[in-house]
Amino acid sequence: MRIAILGGSFDPIHNGHLAAAESVAETFQVDELHFVPAFTPPHKTSRGMTSPFHRFAMVALATISIDRFRTSTIEVDALEKRYTVETLEAMKKSFPRADLLFIIGTDMYQEIENWRDYRRLFELAHLVIVNRPGFPFRDDVAPFQLIKEKTVKPACKPPGFLSAVHRAADFVHGNPR
């Protein structure tokens, strides 16, 4: 089973989230794609944010019509700030035989070195890096160097919305370029 995970504040969830999720699901042939609304995102202040329970409900309503989409309560149920590494560890425990893919935008990828135990993310899941307008993919970010050490080479950026997905797709499918 292949499970993709897309976390975020989703305040609110929008068509960009859904389009990216659907593209990743198709590109990587995932069986399930789990949206994980954060209780309190570690990199944002919760002041002025919509309640995590309302954000969860918005995500559930936005994704209910797509069979392979799931809305996870894993972070909302914690009732406190959770870090991505903790969420991925819990997902790995819940789905021990699954191939996990963690979806991250180029905006957050540029800051990943500041994330808690970020190198562990590469042990827990394959990273799928989705292009976000205004945040070009940077191959000088340390995690990319880590990926290159694992024989993944950068691919030419195809035009369009998901420029970095194909690079990660080759990695997941065992075809590094």
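The values are calculated or read from the model by the stated rules, or taken from the named source; none is laboratory data. Since we're looking at a predicted model, the values are computed, not measured. Virtual Cβ from ideal backbone geometry, glycine too; neighbours counted across all protein chains shown.
Can you pull out every residue in the stretch 88-119 that is aliphatic (A, V, I, L, M) and part of a helix (DSSP H, G or I)? LEU88, ALA90, MET91, MET108, ILE112 - these are the residues of the stretch 88-119 that are aliphatic (A, V, I, L, M) and part of a helix (DSSP H, G or I).
Consider the stretch 40-87 and keep the residues that are part of a helix (DSSP H, G or I) and β-branched (Val, Ile, Thr). The one that is nearest to ALA21 (Cα to Cα) is THR63. Evaluated against (1) farther than 27 Å from GLN29 by Cβ; (2) within 15 Å of the chain's Cα centre (by Cα), ASP140 falls short on exactly one condition, (2). Give the residue, chosen from THR27, THR40, THR45, that is of a type in the set (Val, Ile, Thr) and more than 22 Å from GLU86 (Cα to Cα). Of the residues listed, the single one that is of a type in the set (Val, Ile, Thr) and more than 22 Å from GLU86 (Cα to Cα) is THR27. For the stretch 1-25, enumerate the residues that are hydrophobic (A, V, I, L, M, F, W, C), surrounded by fewer than 19 Cβ atoms within 10 Å (Cβ to Cβ) and touching a helix residue (DSSP H, G or I) at 6+ places or on another chain (Cβ under 9 Å). Matches in the stretch 1-25: LEU18 only. I'd like to know if the stretch 148-169 contains one or more residues that are touching a helix residue (DSSP H, G or I) at 6+ places or on another chain (Cβ under 9 Å), surrounded by 18 or more Cβ atoms within 10 Å (Cβ to Cβ), modelled with pLDDT of 75 or more and not in a helix (DSSP H, G or I). No, because not a single residue in the stretch 148-169 is touching a helix residue (DSSP H, G or I) at 6+ places or on another chain (Cβ under 9 Å), surrounded by 18 or more Cβ atoms within 10 Å (Cβ to Cβ), modelled with pLDDT of 75 or more and not in a helix (DSSP H, G or I).
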